[in-house]
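Quick notes on the structure that follows.
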Amino acid sequence: MTAKIMPLADAVSRFVKDGQTVAMEGFTHLIPFAAGHEVIRQARRELMLVRMTPDIIYDQMIGMGCARGLEFSWGGNPGVGSIHRFRDAIQNEWPRPLAIQEHSHADMAGRYQAGASGLPFSVLRGYVGSDLPKHNDNIRTIACPFTGEKLAATPAINPDVTVIHAQQADRKGNVLITGIVGIQKEAVLAAKSAIVTVEEVVDDLDAPMNACFIPHWVLNAVCVVPRGAHPSYAHGYYERDNAFCKAWDGVSRERDTFLEWMKRHVLGTKDHAGFLESIGPRPAPG
Amino acid sequence: MPMSYTPNEIMTVEAARRLKNGTVCFVGIGLPSAAANLARLTHAPDVVLIYESGTIGAKPDVLPLSIGDGELAEHADTVVSVPEIFRYWLQGGRVDVGFLGAAQVDRFGNINTTVIGGDYAKPKVRLPGAGGAPEIASNAKETWIIIRQTKRSFVAKLDFLTSVGHLDGGDSRARSGAWGAGPTAVITDMGVLAPDPVTRELTLVAIHPGITIEEARANTGWDLRIAPDLATTAVPAEHELAALRELQEKTAKAHGTSAVSE
């Protein structure tokens, strides 16, 4: 398949469908916020969301009723605290019940690797003594066929669609990620289709030989969305908007203020440029 | 006359002192990160700090607000992917000390960061969850826990066992298949606890100046054992406090927060 450079709204419309398993990855860096907002604008429903570190954007998608379930390993607002819409969904089933499947980071990373490797499951020396396997039937035990050592086994992750954000693409749609690369490459290669939003398109990526490079022919859509990771950051482009992340705690604590904020800044705007304009030049909620 | 200090400061300084130069430390965000970087900025310039976001040899100028701040990548020796950090570096046995925080800890140093109250499906409070801790706790050569000591955090029974410590005590951890020695120190704002060599029950082995045994007991949800040769922690030295405060002021300025928040 050849990557198509297209508007984000078109990519979401074509490749993200109701009921799918969707991974929007980013390990506190390069989180695809703009794409998440577009999924909310297009009112996708019944998604099985996957993410190692669900944070504000998944909080928003959960709170807006996009998700039927969540597979994850750490859900919070990094450096700030809890994500309240996620908590409300689990504790009070608002706006709808959320089926959770909880793992650890090492396991989620291995599951994406297995998915990218075409293997049915991942194996790790993990969860020893932990209560997590008691509440997650997908965490099982196998014996090593060579030593007999007991190890944890969990199913591969193969999302219907993975969405990530990166710094740059070239005109063909090849993508370069720099800085903390997280799990993005594995999540893309594990998926049936993949969308990448980028800060900019350049003539030549000039990628260092060992860089985190994703070729255009494993991608379905590349979308140019400047500041598309905001309030997360894009190394070399802009810093994390910590003030936004802190202010989100207050906005999201109550259902009314959350819905009002989402209507005003996400549903009430046409695209990410409109969103950024709506939250103002010193971006912070409120 | 020594400088005055807060309970948080003596906890952080005491934890930092334990980290030897050259140690490879897998660092949790928050209190562990503050202590580990204080060690790096004082007596242990060659301590190797690894964060689960994939940064190896991180040397942040200010404390990261999140585990994946650009600050960690900027000055690191190298930045690797998340599967690589967990598989090669942690599971591969390269980590000397796993340095963790917790919401709850029990008498055997097991950790809860998942749910408080109610049951798992319908908890009173849903916490962020496991993150990297279950495998840090079971694969590092040893584990340290840094946590404020209260009856809510030091509980007789965890609401959920997220990450393994000494499990049910005795040799139960060794029999469980976990690698490494498990928790060898729990550093709190009241003192330091270490596992009994046989029962593996956490025992108060050092107490901070000005804290009484009664206070430590009153802030523990089980019948706290006191080591017969209970030591008193050395008060933070002037240069340690100065380095910690400078780090926290720089951090607060960078993140736009007040210096008193950690």
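Bear in mind these aren't lab numbers, they're just calculated from the coordinates by the rules spelled out. On a predicted model such as this, the values are computed, not experimentally measured, just so you know. Every residue, glycine as well, gets a Cβ built from its backbone with ideal geometry; the counts of neighbours run over all protein chains shown.
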Rank by packing, highest mean first: peptides A:74-84, A:235-245, with packing defined as the count of other Cβ atoms within 10 Å averaged across residues. A:74-84, A:235-245
Among A:187-193, A:208-214, B:77-83, B:88-94, how do they line up from the highest to the lowest mean number of other beta-carbon atoms within 10 Å? A:187-193, B:77-83, B:88-94, A:208-214
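Stick to Cα atoms and the Kirkwood definition of Rh, then tell me Rg/Rh for segment A:221-278. Don't skip to the end; give the middle numbers.
On the way: Rg = 12.8 Å, Rh = 12.6 Å.
We get a ratio of 1.01 for segment A:221-278.
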Kirkwood hydrodynamic radius, computed over distinct alpha-carbon pairs, for the protein assembly as shown: how many Å, to one decimal? 23.8 Å
Roughly how far apart, in whole Å, are the Cα centres of segment B:18-46 and segment B:210-258? 16 Å
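Of the peptides A:45-57, B:111-123, B:22-34, how do they stack up when ordered by the mean number of other Cβ atoms within 10 Å, highest first?
Per-residue Cβ counts within 10 Å, averaged per peptide and sorted highest first, yield A:45-57, B:22-34, B:111-123.
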Taking springs between alpha-carbon atoms closer than 10 angstrom, which of A:LYS185, A:LYS150, A:LYS17 fluctuates most in the Gaussian network model of chain A? A:LYS150
Per residue of B:75-85, how many C-beta atoms from partner chains lie within 10 Å of its own C-beta, taken as a mean? 6
For peptide B:134-146, the mean count of other chain Cβ atoms within 10 Å per residue Cβ is 4
Per-residue Cβ contact counts at 10 Å, fewest first, order A:TYR112, A:TYR58 as A:TYR58, A:TYR112
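What dipole magnitude, in Debye to the nearest 20, does chain A give about its Cα centre under +1 on Lys/Arg Cβ and -1 on Asp/Glu Cβ?
Result for chain A is approximately 460 debye, rounded to the nearest 20.
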For each pair in B:LYS124/B:LYS157; A:LYS4/A:LYS185; A:LYS263/B:LYS122; A:LYS246/B:LYS59; B:LYS20/B:LYS59; A:LYS150/B:LYS157, compute the distance between the two Cα atoms and list the pairs where it is over 20 Å. A:LYS263/B:LYS122; A:LYS246/B:LYS59; A:LYS150/B:LYS157
Going by how many other beta carbons lie within 10 Å of each one, how would you line up A:GLU102, A:GLU93, B:GLU201, fewest first? A:GLU93, B:GLU201, A:GLU102
Among A:ARG171, B:ARG18, A:ARG125, what is the fewest-to-most ranking by other Cβ atoms within 10 Å? A:ARG171, B:ARG18, A:ARG125
Across peptide A:231-241, how many C-beta atoms of other chains are within 10 Å of each residue C-beta, on average? 2
Is any residue of segment B:117-142 close enough, with backbone N under 12 Å, to a label point placed 7 angstrom from the Cα of A:ALA143 along the Cα-Cβ axis, and if so, which? none
Under 8 Å for C-alpha pairs, at least 6 residues apart: give me the relative contact order for chain A, rounded to a whole percent. 22 percent
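Taking the Cα centre of the protein assembly as shown as origin, work out the dipole magnitude from +1 charges on Lys and Arg Cβ and -1 charges on Asp and Glu Cβ, in debye rounded to 20.
On the way: 53 positive and 61 negative charges, 235 e Å.
Value, rounded to 20: 1120 debye.
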